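S.K.: Starting off with a structure, shown below.
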Amino acid sequence: MASLVPPPRSSSESDDRAQWYSRELDWTTAGTSPVRLLTGLRFDVLELPAAAGHAALRRIGRTGPVAVAGRRMQLLVAAGSAEELPGLLEWLEWGGIALDLSAVGAGGHITAPVPPGGAAGSPGAAFWLRPPGSRQEAEPSLPALGGLGSRGGDAPDLVRLVDAAATECHRARLAHARERLWTHRPTGQPLAFS
């Protein structure tokens, strides 16, 4: 019987991945299997369920780099944004609502996706949905809490991104609750109408 566990990555493959991130983007890595990208230095990460993330991306359009790892989506945002998330959610009137939306900032990390153009990893491995550009393009493209009223009164990119992500996380939570309600509904019980 074939083993379902993927073969361990060779150290040269991990070294190549770490070197690519360091050389091409000047991003700090740690570890070898898996290689991890350290957050809080060049970028922070908003993390949410992949289905909610895809819906948010359809609403937003323009974002920075986006990775998918298993059933989670990771949206890269400007360094320091993780600290802003709780206050931003409160300001957007999402405070106190259970959302499957979190931020990874200083002292955290994410698993490094396979670099663009690299060989696909094992099933569920992190990959770039929207890869980072060059070193000169990567950080300026990260959504940040910028000046209010930029470009015709639009909210800053981070505000729009967080609001769309929170909305889609809430919609996914409501859809899941609705499915559970229908799945656990008593059968054979007539509906009462007055």
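The values are calculated or read from the model by the stated rules, or taken from the named source; none is laboratory data. Keep in mind it's a predicted model, so treat the numbers as computed, not measured. With ideal geometry, Cβ positions are generated from the backbone for all residues, glycine too; neighbour counts draw on all protein chains shown. Surface accessibility is based on the protein's heavy atoms, side chains included, excluding ligands, DNA and RNA. Shrake-Rupley method; radii C 1.70, N 1.55, O 1.52, S 1.80 Å.
S.K.: Here are P140, P156, P123: which of them is exposed (fewer than 14 other Cβ atoms within 10 Å of the Cβ) and modelled with pLDDT under 75? Quick ask: steps written out before the conclusion?
M.R.: Working: P140 fails: modelled with pLDDT under 75; P156 fails: exposed (fewer than 14 other Cβ atoms within 10 Å of the Cβ).
The unique qualifying residue is P123.
S.K.: Looking only at the range 174-192, decide whether some residue is at pLDDT 70 or above, charged (D, E, K, R), open to solvent by 50 Å² or more (accessible area, probe 1.4 Å) and touching a helix residue (DSSP H, G or I) at 6+ places or on another chain (Cβ under 9 Å).
M.R.: no
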